[in-house]
Amino acid sequence: MVKVILAGVCNVCIFYTVSVNLFYNLQFFIAFGFILKYRKKVRVTDFERFSSSKNMIPISIIVPAYNEESTIVENIKSLLQLDYFKYEVIVVNDGSNDSTKARILSEFDLKKKEQSFYQSIPTEAVTGVYHGERFKSLVFVDKVNGGKADALNAGINLSRYPIFACIDADTILKNDSLIRLTMLFLENPDTVAVGGVVRIANGSQIKNGELIKPGLPKSKLAIFQIIEYFNAFLTGRISLSCMNSLLIISGAFGAFNKKCVIECGGYKKDTIGEDMELIVRLHKTMRVKKRKYRIQFLANPICFTQAPETVADLRKQRRRWQIGLIDSLTTHKSMLLNPKYGLAGMLSMPYFWLCEFLSPLIELFGYIIIPISYFTGSLNISHCIFFFFMTFLLGSTMSLGGILLDQLLFDNERNLKEILIYILFAVLQNFGYRQLTFLFRLEGTLRFKKFKNSWGNIKRKKFAAGFADKIQAE
Amino acid sequence: MGEYILFLVMVGLLAFFAFLNILVCIQNRRKTKLRDRVGKIAAEMLSEENQVVWRARVKYIKRRRYRKILLMQILILFHEEDLVENPALLDECLKQTGILKLINRYRFSKDNYHRAFAYRFIAKLNLKMIPDFKETQKVPFNFELVYHLLLSVAHSGQTELFLNLAEIYFERLRVSYRAFVEIISEFSGPKDLLLQRSMETGSDYIKTLFIKAIRLESCRTYYYQNLNSENLNLKIACIRAICDLADKKDEVLILKMLKDNSWQVRATAAKGLKNLMTPVSLDLLNNSSQDNNVWVLQNANSTLAAVMACNSPIHV
């Protein structure tokens, strides 16, 4: 009897793993179709005209900063050089206790100015708003520490334009990414939020918002993450976006309709997964109000970020992501399998619950039960080997698919040597890297309550090529 | 047995994906090289004086459709000044390479993006290939397609055709009004006549779009005419147009708008007064700075600050 139960449980585990991988592969084919169509569309869209047109929707870029002294000045400089006619950059210092504030004020020559603003979303006290003569589109907001979400909300309150983009202080935008992002708001007024691809910059040279020389990072951990990002962004998010059921737009880079976000109450403060939580809440609010809306993910407005290069940093990041995910999913559990929320409730929510939230627990269960079943003789060894190879093959195919999508989108960037190395790492990531991230996610799941409000610091380095000093005052 | 077959299929699929990656990479490198080459050729073709060299370039482009498309993509990115430098040579180049034929084929293609690309090319290069009435009536509601079609008509400067298309597409295509304003502002014919005709025939929405796009001294009458419209957007567009023209004589007219029932109108007037304000009317604006609506209040305060700064002793 025990043997039969064990065999049954094993079969369920095997079925789960194979179906999850098959689902990922199905996502690849949806994303592949979309990218082929998108390539055609991009060729005819007149980005050049709109980037310099006064008729384009103006946009506020909000950059929350907490202890970012090493990279913040360089990143603000890059933001001030974007190809866009009318935009403002609002840097919100969330009570940093390093020299972030001093560095920004001295570098950009900003002075405190009395300014009235309407507090659409309640936040911690704003202690000062700074402007400068040299960089008129730059606004520096100093406020009492309240967390990233609070800083973003303060930025929303101070923003002047109908669309805002939030960008992490350690990311760099590609020059034309803003125009590509906002074109979607122009093309479809029902657009509520748009996300863009985040690419790992480790090993590449970036100058003035352009990728000068793509290259491989020295850290193997970073290469594994590059391949992982291809899959997460180009396969996962694009396919869900095609069905208007995207549940996450990365906090590192996304643009939003300000009115809709204010209607929803802004970013939720007591969570570390504020980016996902906001998107889920936007879906919920729009569906409840029965409003037409689109939450989209675009394949080529991109920003560059740094991937953690040490296991300790990766652990903190993945644990944080998992906790943020669990928080958002449990807060909005009423959406799960609820037809009222359309595909977001009927497809994305179950997908995130089963494939993201519960997967570390199910995997752990599998790792325990399969050896037990084998030693008690309830599992056939050839079955076991077959299952292992199938999982490995499906996983590797999916990763190779991600690399392919990246090549189709950014068609002149990589050389053959790089591609061969990516292919190798796509295969190798099944032996160690996946298990490592599984452990970190498991830790996040099991210690959810303890780390619920802890961000953890990740060491930042300067980008490979500094930004040119030739930036000119407006 | 079934398991082995499945296993082999999966291994095959993995190998296929690896192969595909390598193939796409090689293909991408080739495309990059070709793009660079066609880029150089494009610049040479518009300036080359040696007939033998020029013909060789034409022959090279003519041989493959992909090269023609690449050349078209590159020409689209050229500055307008470079394109108008030698129009005869450009025309000859398009004719000889077979690009004109290709555009004509694309104009009637079933693929929306091909059609859009053809219209984009026509608009950018200002080609004398104005879409005829029949051609413009059967266009699917695809943003790129409609946008480039309208832009090509706007560049041709045909008032009646443009107005006709505006009526068909502006209200039916669900796109931000800014896209239409951009198209109207590119109209190369007499803009005052266009505005006049749109005021005669258009709906309030159409009128709003044209007023937003056309800010001309000679069109002042139309702004005044619609200043008391019941349509809020139209009224706001008129206030903005009048304020943009920045004639101090209009100050009284706009100050009246500070007492409007709609807060949007009051906020627009308070903001627009920045261009018209004289210290004489400071009191009226001061009242607005105690308005119940936060946006009116904010705009009034901002205008007051600007006016005070301009009239401060330092400025004097």
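The values are calculated or read from the model by the stated rules, or taken from the named source; none is laboratory data. Not measured: the values here are computed from a predicted model. As a convention, Cβ positions derive from the backbone with ideal geometry for all residues, glycine included, and neighbour counts pool all protein chains shown. Just so you know, the surface numbers come from the protein's heavy atoms only, side chains and all, with ligands and any DNA or RNA stripped out. Shrake-Rupley method; radii C 1.70, N 1.55, O 1.52, S 1.80 Å.
Annotations for the structure displayed:
- The residue list A:Asp83, A:Asp46 contains one member that is within 14 Å of chain B (Cβ to nearest Cβ) and open to solvent by less than 20 Å² (accessible area, probe 1.4 Å), which is A:Asp46.
- Checking the stated criteria, A:Ser106 turns out to be of a type in the set (S, T, N, Q), free of Cβ contacts under 8 Å to residues at least 24 places away in the same chain, more than 18 Å from A:Gly265 (Cβ to Cβ) and not in a strand (DSSP E or B).
- Within the set A:Gly401, A:Gly444, the sole residue that is crowded, with 18+ Cβ neighbours inside 10 Å, within 9 Å of chain B (Cβ to nearest Cβ) and either more than 17 Å from A:Ile200 (Cα to Cα) or without any contact (Cβ under 8 Å) to a residue 60 or more places away in the chain (or both) turns out to be A:Gly401.
- Residues (assigned to a helix (DSSP H, G or I) and either touching a helix residue (DSSP H, G or I) at 6+ places or on another chain (Cβ under 7 Å) or farther than 11 Å from B:Lys271 by Cα (or both)) located in the stretch B:286-301: B:Asn286, B:Asn287, B:Ser288, B:Val294, B:Trp295, B:Val296, B:Asn299, B:Ala300
- Of the criteria (1) crowded, with 24+ Cβ neighbours inside 10 Å; (2) touching a helix residue (DSSP H, G or I) at 6+ places or on another chain (Cβ under 6 Å); (3) under 30 Å from A:Phe410 (Cα atoms), which one A:Phe224 fails: (1)
- Whichever residue in the stretch B:164-181 is open to solvent by 10 Å² or more (accessible area, probe 1.4 Å) and in a helix (DSSP H, G or I) and, among such residues, is nearest to the other protein chains (Cβ to nearest Cβ): B:Arg178
- Restricting attention to the stretch A:287-338, the residues that are touching a Phe, Trp or Tyr at 6+ places or on another chain (Cβ under 8 Å) and on the phi > 0 side of the Ramachandran plot add up to 0.
- When the stretch B:114-132 is filtered for residues that are open to solvent by 50 Å² or more (accessible area, probe 1.4 Å) and more than 9 Å from chain A (Cβ to nearest Cβ), the ones remaining, listed by number, are B:Asn126, B:Lys128, B:Ile130, B:Asp132.
- Scanning the stretch A:246-273 for residues that are more than 19 Å from A:Lys452 (Cβ to Cβ) and under 16 Å from the mean Cα position of the chain (by Cα) turns up A:Leu246, A:Leu247, A:Ile249, A:Ser250, A:Ala252, A:Phe253, A:Gly254, A:Ala255, A:Phe256.
- Test: residue in the stretch B:144-152 that is more than 14 Å from chain A (Cβ to nearest Cβ) and touching a helix residue (DSSP H, G or I) at 6+ places or on another chain (Cβ under 8 Å): no
- Subset of the stretch A:141-168 that is closer than 21 Å to A:Leu298 by Cα and among the hydrophobic types (A, V, I, L, M, F, W, C) - its residue that is surrounded by the most Cβ atoms within 10 Å (Cβ to Cβ): A:Cys166
- Across the stretch A:357-394, the number of residues qualifying as buried (at least 20 other Cβ atoms within 10 Å of the Cβ) and within 14 Å of chain B (Cβ to nearest Cβ) comes to 3.
- Selected residue (criterion: nearest to A:Asn231 (Cα to Cα)) from residues of the stretch A:426-441 that are more than 10 Å from every other protein chain (Cβ to nearest Cβ) and buried (at least 19 other Cβ atoms within 10 Å of the Cβ): A:Gln429
- B:Asn126 meets the conditions (1) on the phi > 0 side of the Ramachandran plot; (2) in contact with a Leu (Cβ under 7 Å, 6 or more places away or on another chain) in every case but one. The failed one is (2).
- Only listed residue being assigned to a helix (DSSP H, G or I), at pLDDT below 90 and within 11 Å of chain B (Cβ to nearest Cβ), chosen from A:Val12, A:Val4, A:Val18: A:Val18
- Those residues of the stretch B:10-30 which are more than 9 Å from chain A (Cβ to nearest Cβ) and open to solvent by less than 90 Å² (accessible area, probe 1.4 Å), in sequence order: B:Gly12, B:Ala15, B:Leu23
- Matching residues, the stretch A:44-82, being under 22 Å from A:Ser250 (Cβ atoms) and part of a loop (DSSP other than H, G, I, E, B): A:Ile57, A:Tyr66, A:Asn67, A:Glu68, A:Ser70, A:Thr71, A:Leu82
- Strands (runs of 3 or more DSSP E) within the stretch A:174-217 that include 1 or more residues in contact (Cβ under 8 Å) with a residue 60 or more places away in the chain, charged (D, E, K, R) and crowded, with 18+ Cβ neighbours inside 10 Å: A:191-200
- Of A:Leu240, A:Leu152, all but one fail to be in a helix (DSSP H, G or I) and either within 14 Å of chain B (Cβ to nearest Cβ) or closer than 28 Å to B:Gln298 by Cα (or both); the exception is A:Leu152.
- Residue in the stretch B:31-45 that is in a helix (DSSP H, G or I), within 30 Å of B:Lys128 (Cβ to Cβ), open to solvent by 70 Å² or more (accessible area, probe 1.4 Å) and away from every other protein chain (no Cβ under 14 Å) present: yes
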